[in-house]
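To keep things clear, I will list the structure first and then write my remarks on it.
The values are calculated or read from the model by the stated rules, or taken from the named source; none is laboratory data. This one's a predicted model, so the numbers in the text were calculated from it and none came from an experiment. No Cβ is skipped: glycine too gets one built from the backbone with ideal geometry, and neighbour counts run over all protein chains shown. Accessible surface areas use protein heavy atoms only, side chains included; no ligands, DNA or RNA. Shrake-Rupley method; radii C 1.70, N 1.55, O 1.52, S 1.80 Å.
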Amino acid sequence: MLFYKIRVQKGVKVMKFSEFIYKRIDLEETKKKIQEITEKLKHAQSVEEQVQAVYEMNDVKKEIATADSLVYIRYTINTKDEFYAKEREYNDHIGPMLEEEMQKYNKVLLASPFRKELEEKLGKVLFINLELSMKGFSPEITELLQKESTLQTQYQSLLASAQIEFDGEKCNLSQLGPYMQSQDREVRKAAYEATGKFFDEHQGELDEIFDKLVKNRTEQAHRLGMKNFVELGYVRRQRNCYAPEAIADFRQQVVRDLVPIVCEIKKNQAERIGVEDLKIYDDSLQFPDGNAIPQGTYDEIMEAGRKMYTEMSPETADFIKMMFDRELFDVVAKPGKATGGYCADIPGYGCPFIFSNFNGTAGDVDVLTHEAGHAFAEYMAEKNIELIDMHLPSMEAAETHSMSMEFFATPWYELFFKHQTKKYEVSHLEGTLNFIPYGCLVDHFQQVVYEHPEMTPAERNEAWLKLEKMYRPYLDLEGMPFYGRGAGWQRQNHIYLTPFYYIDYCLAQTVALQFWLEIEKDWKQAWEKYKMFVQRGGTDTFLGLVAGVGLASPVEDGCIREIAGHASEWLKEHKL
Ligand SMILES: [Zn+2]
């Protein structure tokens, strides 16, 4: 049902996000539609008839995704909006029931007598992913999924409710960001302590929510006949081309080949900022006179983003024009707004949306490079790929879109950072490298937690501290509230909201760094490769997409060593 999809033509009024119409999904009506299409699929006499049914279902999926996105976006923009808060609860409630109906359709599709022809026409990866999603769902877990979703919302609301007294102001967690990077060590320390105090004050609630989540997720895995949630986590994350063992090997590569280089970087950083032992509150201050920050007002930063994409390529020029014309950004921090940033697809309107909380740090520019990288991929998919299920690849590949865009933006950094451009360039590469061991830590922690669901909250914190020493041996947490007792992982919302998501970032960074090596040689050639990667959307697996443009698989031994070697050289040459 694309009746509300508007065509953007010259002279025709462009519909803005605020004018997008939210239409509640009627549970019974939609279930009936899904059932009818499933019947059609079942009784189809030819592959053509089946393909037609697949496209009909595609419209239903678009309608559901559009309603979901509009509710989610408008709720996160203002978590106090009662209407969208209710609609979010409603969607949480009906989601699993629709999923249950959709699974019946999937079953028929997978059992099609025309499977081979369908795979040829629609793409093999669609069926691999369907098989995974079948594995990850059964009506027996519907109730558990609803409970899981409620727990996740509880965690989000708790964090969004933070009103931390600091420097005479009431701040939410995002607004404390700049203080945590302050040049004044005492201010940084105080900001970390203030954040830590908030988490300490809610320790009971945070531990309880997580404990319930672990037990809930483990029970889901058991009901689906799996050993533990690690297995289910991989299924849920659509890991269609590698197993947990390959990731364990990847993490080992990181510990062996990258952690020593990060230790070097951190040693330099400590010297640079003039501290003897790097404390957790020094970790993100990369320069004594402060980290690079965007130079300009909100309007100037947004304008720089527009200029960058307009100059970058014809495709990005069209993309950014649409983003501005249709007002597809909400990036100013406001009270009541959810924390973090994301990019969401609104398929019914054929466009993405970017959400963030600007706070005056370089993170604001990341929104225009990273989140816009996601948005650009969505935009390309909307143009080139009809089936919504094939729009985006699994998350590592999707994060490759955004993280690579951060590097492709290098020639335009100057628009944002002016005299601080060199500093930003160094800190961006250092940050990328520093991140990978941290991401592995988050992943490793979750593996331990879900392999041992019986662990107590205190044991979980202990496990985190132990892994900290392996992946971030340079970091001193002693004497700090919250962090010192090994609870720092509770700030990492992915652990609560999207389990096992974090390693995707590490794999993606590894590919993005390969694009960076190519950009260093020839920007234009690298861009053509990137465009090819993005254009293929979700029509292949992550490793298939990577191999498709001739890059190395991150899980292959040696990949990390190669990148780390080059990056270390580059940093020596560009030492500030
Ligand atoms: Zn991202």
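Taking the stated definitions as given, is Gly340 more than 14 Å from the ligand (Cβ to nearest atom) and either in a loop (DSSP other than H, G, I, E, B) or surrounded by fewer than 21 Cβ atoms within 10 Å (Cβ to Cβ) (or both)? In short, no.
For residues that are small (Gly, Ala, Ser) and more than 11 Å from the ligand (Cβ to nearest atom), scanning just the stretch 379-402, find the one that is farthest from Cys171 (Cα to Cα). Per the criteria, the residue is Ala381. Screening Gln269, Gln238 for residues that are touching a residue at least 40 places away in the same chain (Cβ under 8 Å) and either charged (D, E, K, R) or open to solvent by less than 20 Å² (accessible area, probe 1.4 Å) (or both) leaves exactly one candidate, Gln269.
Within this structure, Leu328 fails the test of being within 15 Å of the ligand (Cβ to nearest atom), over 30 Å from Val235 (Cβ atoms) and buried (at least 21 other Cβ atoms within 10 Å of the Cβ).
Among the conditions (1) open to solvent by less than 50 Å² (accessible area, probe 1.4 Å); (2) under 19 Å from Asp366 (Cα atoms), Val275 misses just one, which is (2).
Does Gln52 qualify as being in a helix (DSSP H, G or I), open to solvent by 10 Å² or more (accessible area, probe 1.4 Å), over 19 Å from Arg24 (Cα atoms) and modelled with pLDDT under 95? Answer is no for this residue.
Note on the stretch 408-423: among residues that are open to solvent by less than 10 Å² (accessible area, probe 1.4 Å) and out of contact with any Pro (no Cβ under 9 Å at 6 or more places or on another chain), the one that is farthest from Thr539 (Cα to Cα) is Tyr413.
Within the stretch 78-90, the set of residues being assigned to a helix (DSSP H, G or I) and surrounded by fewer than 20 Cβ atoms within 10 Å (Cβ to Cβ) comprises Glu82, Phe83, Ala85, Lys86, Glu89, Tyr90.
The sole residue among Glu478, Glu520 that is acidic (Asp, Glu), more than 16 Å from the ligand (Cβ to nearest atom) and not assigned by TED's automatic domain parsing to the domain that holds Gly373 is Glu478.
Just one of the listed residues (Gln509, Gln490) is at pLDDT 95 or above, surrounded by 21 or more Cβ atoms within 10 Å (Cβ to Cβ) and more than 16 Å from the ligand (Cβ to nearest atom), and it is Gln490. Of all the numbered requirements in (1) in contact with a strand residue (DSSP E or B) (Cβ under 7 Å, 6 or more places away or on another chain); (2) open to solvent by 20 Å² or more (accessible area, probe 1.4 Å); (3) not aliphatic (A, V, I, L, M), Phe198 misses one, and that requirement is (2). Within the stretch 432-460, the set of residues being open to solvent by 10 Å² or more (accessible area, probe 1.4 Å) and either free of Cβ contacts under 8 Å to residues at least 12 places away in the same chain or more than 30 Å from Arg272 (Cα to Cα) (or both) comprises His444, Gln447, Val448, Glu451, His452, Pro453, Glu454, Met455, Thr456, Pro457, Ala458, Glu459. Filtered by the rule that a residue be part of a helix (DSSP H, G or I), touching a residue at least 12 places away in the same chain (Cβ under 8 Å) and closer than 30 Å to Tyr342 by Cα, the stretch 19-49 gives Leu27, Thr30, Lys31, Ile34. Counting residues in the stretch 365-378 that are without any contact (Cβ under 8 Å) to a residue 60 or more places away in the chain, open to solvent by 10 Å² or more (accessible area, probe 1.4 Å) and either small (Gly, Ala, Ser) or more than 15 Å from the ligand (Cβ to nearest atom) (or both) gives zero. Checked against (1) free of Cβ contacts under 8 Å to residues at least 12 places away in the same chain; (2) assigned to a helix (DSSP H, G or I); (3) in contact with a helix residue (DSSP H, G or I) (Cβ under 8 Å, 6 or more places away or on another chain), Leu258 meets all criteria but (1). The selection criterion, being open to solvent by 30 Å² or more (accessible area, probe 1.4 Å), in contact (Cβ under 8 Å) with a residue 60 or more places away in the chain and outside any loop (DSSP other than H, G, I, E, B), does not hold for Met532. Return the total of residues in the stretch 179-193 being open to solvent by 20 Å² or more (accessible area, probe 1.4 Å) and of a type in the set (A, V, I, L, M, F, W, C). Looking only at that region, the number is 2. The lone criterion from (1) open to solvent by 20 Å² or more (accessible area, probe 1.4 Å); (2) within 16 Å of the ligand (Cβ to nearest atom); (3) over 23 Å from Leu513 (Cα atoms) left unmet by Ile354 is number (1). Could you check, for the stretch 552-559, whether at least one of its residues is free of Cβ contacts under 8 Å to residues at least 12 places away in the same chain and not in a loop (DSSP other than H, G, I, E, B)? No; the residues of the stretch 552-559 include none that is free of Cβ contacts under 8 Å to residues at least 12 places away in the same chain and not in a loop (DSSP other than H, G, I, E, B).
Looking for something at pLDDT below 95, acidic (Asp, Glu) and away from the ligand (no atom under 16 Å from the Cβ) - is there at least one such residue anywhere in the stretch 538-554?
no
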